[in-house]
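A quick write-up on the structure given underneath.
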Amino acid sequence: MDRAFYHEHPDILALETEVRDSRPGRVLLAASPFFPGGGGQLADRGTIRWAGGEAPVARFERIDGNVWLLLADDGEMHGRAEAVVDAPFRRMMTQMHTYTHILNACVYRSFNGALVTGVQMNDDGTARMDFDLPDADNDKLRALEAPINAAIEEDLRVGASYVPVAQAQSEPGLIRTRSVAPPPTADGMIRIVEIQGLDRQACGGTHLSSTRGENRIRILKIDNKGRHNRRVRIGFA
């Protein structure tokens, strides 16, 4: 079974591994602790160290099922290297991603299964989620701040499992986005993230092991975006 390292070992943020391939300014590792971005979550930040030096990771590129690390300089490496994830940035993104799941769950329950039409997490501790809510009462949306923070305080367990693609597509509520879904693994499975007693949905990002993070959430703003979309902006309190 093909499972992402950052899913199977979320607490390992520094990893020594083999260099599978290297070209000027880019490297392919045998194993990588970096989350390469997706689903509205920003990619990890970090550094690669090797015998000849070190370089910041500038971005990631998927080619033929592999994730290449693009470096901030033209360094080329062979043998072994150490990949080091920026821990505070990962923690912030992981916490915010978990909180967007709670927001999603509250909207899904309160507004008759409304689907997500867009999501974006930002590096300033804010995020926005767009929902297909043409007739929603904005005051009712703002009132979700209290149950979101109640779920955070409740310290609910967050776990993950895998189901076949066909099951994910047929089971109501597992895929919450209007147009996209997490890519399947090589063995045809979809990752399902579950918040105990609150939410269960397909997702490929990183999440807390329980809902109680260091921060609480504020609903910052609600915008009408077109005829159907309602945009909810949240930030750490």
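Structure notes:
- For Arg230, neighbours were defined as the other residues whose beta-carbon sits under 14 Å from its Cβ, and their charges (Lys and Arg +1, Asp and Glu -1) total +3.
- Gaussian network model of the chain, Cα within-10 Å springs - most flexible of Asn149, Asn215, Asn66: Asn66
- Rg to Rh, two decimals, where the chain supplies the alpha carbon set and Rh follows Kirkwood: 1.00
- Each label point was placed 7 Å from the Cα along the Cα-to-Cβ direction; for Glu171 and Asn112 their separation is 2.6 nm.
- Across region 5-85 the C-alpha pair distances fall into 10 Å bins from zero in the proportions 19, 59, 20, 1 percent.
- A simple spin-label model places the labels of Asn122 and Asp11 3.3 nm from each other, with each point 7 Å out along Cα-to-Cβ.
- For region 90-236, a simple Cβ point-charge model (Lys and Arg +1, Asp and Glu -1, everything else neutral) yields a dipole of about 280 debye relative to the Cα centre.
- The slack between Glu76 and Thr47, meaning 0.36 nm per residue of separation minus the straight C-alpha distance, is 9.0 nm.
- Extension reserve of the Ala30-Ser210 stretch, reckoned as 0.36 nm per residue once the Cα distance is removed: 61.8 nm
- Helix 87-110 and the long axis of the chain differ in direction by around 30°, with both axes built from C-alpha atoms.
Only the coordinates and a few stated rules stand behind these numbers; no lab work does. Note that this is a predicted model, so its numbers are computed, not measured. Neighbour counts are summed over all protein chains in view; Cβ atoms, including those assigned to glycine, are modelled from backbone coordinates with ideal geometry.
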